[in-house]
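Here the structure is laid out as structure tokens; the discussion comes afterwards.
Nothing in this text is a laboratory measurement; each read-out follows from the coordinates by a stated rule. Bear in mind the structure is a predicted one, so any value in this text is a computation, not a measurement. Methodologically, a virtual Cβ is constructed for each residue, glycine included, from the backbone with ideal geometry; neighbour enumeration extends over all protein chains shown.
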Amino acid sequence: MALLLVFQYWPVFQMVRDSLFDFSLLNPAMRTYVGLENYAYGLTDPDRIQAFAVTFALAIGVVVTILPISFLLAVYLNGRLPARGVVRTIIFLPVVTSAVVVATMWTFLLDANNGLINSALSAISLPRGVFLTDKLQVLPSVVLMVVWQQTGFATVLFLAGLQGIPRELEDAASVDGASGFQRLRYIILPLLARTTVFVVVIMTVFSLQAFAPPLIMTGGGPEGMTNFVAYDIYSLAFILQMPGLASAVSVVFMLIVLGISLAQMHLLRARWNY
């Protein structure tokens with residue numbers, strides 16, 4: 001509780017307080033009380049609105065893509081495979097790799113001139129892509145990178161959920177003549193409801209906090225298509241020297257993320273028990 005008070009609740013209180021002032025980090029003592037002006041500006045400024053929009057687009061793309069992939073991988077790993085532990089380790093390895101390392105690696109992969117992906121496309125006579133400089137390609141490219149890094153975590157969560165389902169239920173369904181698809185639909189998926197809720201919430205929060213891709217790969221461009229909220233807050237506070245506005249955007253973003261998480265848990269709450 002002491003650690004939470006010092007490193008969580010007190011900084012949040014300071015952030016809320018700072019959001020009501022206009023000042024610079026170079027001279028924080030010289031501050032002017034502006035009330036809710038920072039909130040009004042942050043909620044109406046086109047750049048801030050775009051930052052929220054592209055962040056939510058990233059989160060939706062990641063969650064929609066990662067759920068089926070990680071679930072199918074978990075079903076596959078739940079079977080009797082040789083060297084199953086090694087395969088699990090390989091799938092989980094990107095999760096424990098630093099986000100900075102992952103972003104740097106994918107920058108080399110997606111480079112328009114000498115990137116490995118473009119070199120492979122040229123080798124098979126396909127047109128080269130401009131993944132990090134085209135506003136239509138950059139967001140799907142970042143989604144692909146985040147999915148690649150976080151699939152292992154979601155897979156392990158689904159795998160834990162699958163292993164927690166009593167085997168007797170599936171055996172009884174098989175005796176009653178249920179096919180593999182029917183067992184999946186009527187037994188496994190309903191009993192994985194709580195795990196699915198957890199995966200959806202965790203992946204959503206991870207995606208909404210994306211910071212390394214714009215910082216290392218794109219600088220928020222092109223045309224603000226990767227100016228995600230976390231990076232936008234950083235830019236406002238430390239580059240543009242507008243910490244008051246950055247604090248206001250942070251407060252709004254925190255409330256939105258909390259609301260999304262609560263809504264997801266309510267809409268996807270489990271209706272099955274075992």
DSSP loop trypsin sites (Lys or Arg not before Pro) with at most 15 other Cβ within 10 Å: longest gap in the chain: 136-268
Lys/Arg Cβ at +1, Asp/Glu Cβ at -1, dipole of segment 74-233 taken about the Cα centre: which of THR196, PRO222, PRO82 is farthest positive-ward? PRO82
Cα extents of segment 15-166 along the principal axes, largest first, in whole Å, come to 66, 51, 26
Say each of VAL96 and ASP176 gets a label point 7 Å from the Cα, pointing the same way as Cα to Cβ; how far apart are those two points in nm? 4.1 nm
Full-extension gain between ASN113 and ASN27, please, as 0.36 nm times their residue separation minus the C-alpha to C-alpha distance. 26.6 nm
Expressed as a rounded percentage, what relative contact order does segment 33-267 have, with Cα pairs under 8 Å and six or more residues apart? 31 percent
Please list the helices of the chain that count as membrane-span-like by this rule: a mean Kyte-Doolittle hydropathy of at least 1.6 together with Cα atoms stretching 27 Å or more along the helix axis, each helix being a complete DSSP H run. 46-77, 243-267
Please list, in chain and number order, the residues 5+ apart from PHE21 or on another chain whose amide H is under 5 Å from its amide H, with Hs placed from the backbone. VAL34
Based solely on C-alpha atoms, express the radius of gyration and the Dmax of segment 33-267 in angstrom. 21.1, 72
Least to most buried among MET254, MET225, by other C-beta atoms within 10 Å and fewest first, runs MET254, MET225
A correct fewest-to-most ranking of VAL143, VAL96 by other Cβ atoms within 10 Å would be VAL96, VAL143
Order 105-117, 56-68, 238-250 from most to least packed using the mean count of other Cβ atoms within 10 Å. 238-250, 56-68, 105-117
Computed E for ARG128/MET105 - FRET, C-beta separation, R0 22 angstrom, nearest 0.05: 0.70
